[in-house]
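Peer 1: One structure, as structure tokens, below. Some questions next.
Please treat every number below as a calculation from the coordinates, not as lab data. Small disclaimer: the values here were computed from a predicted structure and weren't measured. Neighbour counts run over all protein chains shown; Cβ positions are idealised from the backbone, glycine included.
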Amino acid sequence: MPEDLRNPDNIIDPQALNEWFVTRFDPQFPTLGNPSLGAPVIASTPYGVTTPSEEVLSAYDPIEFNCTWAGSDNTTISNIRMKAVLKSGAVPTLTTLGTQTKQSIDVSGTTTYRFNFADMLKTVLSPEYYNNITSDQINSAEELESICVRFQIDFSVLFVDKDGYEREDEVLNSGLYYVSNAILQHDESIRILDTTNDYVLSDSSSKFLTKAPQNKVIYSGEDEQLSFHYVGSTSLDLHYQTYDLDGNANSDNAKTSKLITNKYGTFTISDNGASTIIDDFANISKVDVWIEESTGAQISEKRTFLCKQSCATGYRLWWHNSLGGIDKYTFNNKTNKTYNVSKRTNYRKPLDNTPTTGERARGTMSVQGDSIFTATTSFLAGDLDMFVDLLNSTEVLFQPDVTSATLVPVVIMSTEQAEEDSDGLINMTIEFMPSQSHKTHIG
């Protein structure tokens, strides 16, 4: 016990002892009475982001923060580390996702603590699969909390003080950032979703989160989703314009403004429900959809859906695309289904000296196999990007019936698609099978 806790008669001073105990163990006094050692400093942010509220990061790229810490020459400490507490969630609360603790490294002569939070953030992001929203409204992040998530990091320094006690110094808050489950391609010069990227809505040339053709067919009973990132602070309006069967434009329709708090929104084009964009489907030849700010500025491209009055008869697939949204497509030129036995377990047993006609020397214990689905479609040269996303997607669903909410997880077996140098139609064949094998009863 320190000598300064005793009075001149060598008797412990109760008040001094109490102050020593409080400053030693109370978290409000982390430095044992020493002057503050100083908070950490964020030396660099992911991709040099300086205005987090105006950008959206991708969890499939490094989300690195480099921090420094000045320390103190007047205090003898050891085992210095920096702790980062990652918090994520939807408005208005954040919950602790996890903690990282790092030792320092030398970066060009500077003592630096480097953190990468991409893998941790992936755990709270999931594919959209927002099934059959029969609405003509924009859905924002309040309903879609796992698509685009806000996060912040609290940095602090851990050390062992001069008396051998573990201490934690001042906390630095990083402020709010936003992250999505987009996967930007390796050849893009900017691997962050920000206002300079085509896939964040900021002007009329900005794009929705899809690489589908600008004009896309929709059949009776089907629905399509369009998703977007928006980094502004103004409420948004969904606009659409339908055309009659003769191609004449009907009135432009605008729906109630929606404030996008987590930088992400989506809406559905459907004829299923009481209030939908194409609820008069039988009398519509096509529909244009786009997004405007409440000020009247158009901030997205117009996308056109060509209405086919007949029902689709092919195979309809949904998949999580590389931009973080959902693409859907019906392959209806030609379809085929085959069944392939992949494993059969047989057994043998001896027969009696006088076997009956029903006894078996050989039998089957179990059979396992897969249904293989094959579908073909035709598309124009230059429209391959959407199908490249399908071949690369790890989350694909088969919708056997467009009138049902049933979605079957499938595995894509196709591995390539050639695009001929042609202005005509290109045939594409996709092969897939259910993610679960078919098994017989085991006797």
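Peer 1: Any idea how far the Cα center of the stretch 47-70 sits from the one of the stretch 290-321, in Å?
Peer 2: What the calculation gives is 32 Å, centre to centre.
Peer 1: What is the calculated FRET efficiency for residue 437 to residue 282, with r their C-beta to C-beta distance and R₀ = 56 Å, to the nearest 0.05?
Peer 2: Efficiency for this residue pair is about 0.85.
Peer 1: Something else now. In the neighborhood of residue 59, defined by Cβ-to-Cβ distances under 9 Å, what is the net charge if each Lys or Arg adds +1 and each Asp or Glu adds -1?
Peer 2: The answer is -1.
Peer 1: By how many nm would the segment from residue 94 to residue 368 grow when fully extended, if each residue of separation counts as 0.36 nm and the alpha-carbon distance is taken off?
Peer 2: Working: separation 274, 0.36 × 274 = 98.64 nm, distance 4.64 nm.
The span from residue 94 to residue 368 would gain 94.0 nm if fully extended.
Peer 1: Something else now. List the residues whose amide H sits under 5 Å from the amide H of residue 278, counting only those 5 or more places along or on another chain, with H placed 1.01 Å from N in the peptide plane.
Peer 2: Under 5 Å from the amide H of residue 278 lie the amide H atoms of 270, each far enough along the sequence or on another chain.
Peer 1: Compute the length gained on full extension between residue 203 and residue 311: take 0.36 nm times their separation in residues and subtract their Cα-Cα distance, giving the result in nm to one decimal.
Peer 2: Result for the pair: 35.3 nm of gain on full extension.
Peer 1: Here is a follow-up. Which net charge results when you count Lys and Arg as +1 and Asp and Glu as -1 among the other residues whose beta-carbon is under 11 Å from that of residue 349?
Peer 2: +1
Peer 1: Pop a pseudo-label 7 angstrom from the Cα along the beta-carbon direction at both residue 295 and residue 256 and give the gap in nm to one decimal.
Peer 2: The modelled label-to-label distance comes out at 2.5 nm.
Peer 1: Tabulate in residue order the Karplus-calculated ³J(HN,Hα) for the stretch 96-106, using 6.51 cos²θ - 1.76 cosθ + 1.60 with θ = phi - 60°, rounded to whole Hz; enter x for Gly and Pro.
Peer 2: The phi angles translate into 5, 8, x, 10, 10, 10, 10, 7, 7, 10, 9 Hz.
Peer 1: Continuing with the same structure: Given points 7 Å out from each Cα along the Cα-Cβ axis, report the residue 51 to residue 118 separation in nanometres with one decimal.
Peer 2: Using points 7 Å along Cα→Cβ, the separation is 2.5 nm.
Peer 1: Also: Going by how many other beta carbons lie within 10 Å of each one, how would you line up 267, 305, fewest first? Walk me through the numbers on the way to the answer.
Peer 2: On the way: 267 26, 305 22.
Taking fewest neighbouring Cβ atoms as first place, the list is 305, 267.
Peer 1: Over 29 Å between Cα atoms, which of 207/286; 302/334; 255/334 qualify?
Peer 2: As for pairs spanning more than 29 Å Cα to Cα, those are 302/334; 255/334.
Peer 1: Put a dot 7 Å past each Cα toward the Cβ at residue 168 and residue 64; how far apart are the dots in nm?
Peer 2: Going from the residue 64 label point to the residue 168 one covers 2.7 nm.
Peer 1: Tally Lys/Arg at +1 and Asp/Glu at -1 over every other residue whose Cβ is under 13 Å from the Cβ of residue 107; what's the total?
Peer 2: 0
Peer 1: In whole Hz and in residue order, list the ³J(HN,Hα) couplings for the stretch 409-418 that follow from phi through the Karplus curve 6.51 cos²θ - 1.76 cosθ + 1.60, θ = phi - 60°; x for Gly and Pro.
Peer 2: Residue by residue, the stretch 409-418 yields x, 10, 10, 7, 9, 5, 10, 8, 8, 8 Hz.
Peer 1: What is the fewest-to-most order of 291, 80 by other Cβ atoms lying within 10 Å of their Cβ?
Peer 2: So the ranking, lowest neighbour count to highest, is 80, 291.
Peer 1: Expressed in nm², what is the orientationally averaged projection area of the convex hull enclosing the Cα positions of the stretch 329-439?
Peer 2: About 10.7 nm², averaged over all directions.
Peer 1: I need the calculated FRET efficiency for the pair residue 415 and residue 349, taking r as the beta carbon distance and R₀ as 60 Å, to the nearest 0.05.
Peer 2: The pair residue 415/residue 349 has a calculated efficiency of 0.90.
Peer 1: What order do you get for 344, 150 when you list them from fewest to most C-beta neighbours inside 10 Å?
Peer 2: Final ranking by Cβ density, sparse to dense: 344, 150.
Peer 1: A further question follows. Pull up all non-local amide H partners of residue 194: gap of 5 or more, or a different chain, and H-to-H distance under 5 Å with H placed in the peptide plane.
Peer 2: The list, which skips near neighbours in sequence, is 56.
Peer 1: With r defined as the distance between the Cβ atoms of residue 79 and residue 146 and R0 fixed at 41 Å, what FRET efficiency is calculated, to the nearest 0.05?
Peer 2: Calculated value: 0.60.
Peer 1: With θ set to phi - 60° and the Karplus curve 6.51 cos²θ - 1.76 cosθ + 1.60, what are the ³J(HN,Hα) couplings of the stretch 326-334 in order, to the nearest whole Hz, using x for Gly and Pro?
Peer 2: The phi angles translate into 10, 10, 9, 7, 9, 8, 10, 6, 7 Hz.
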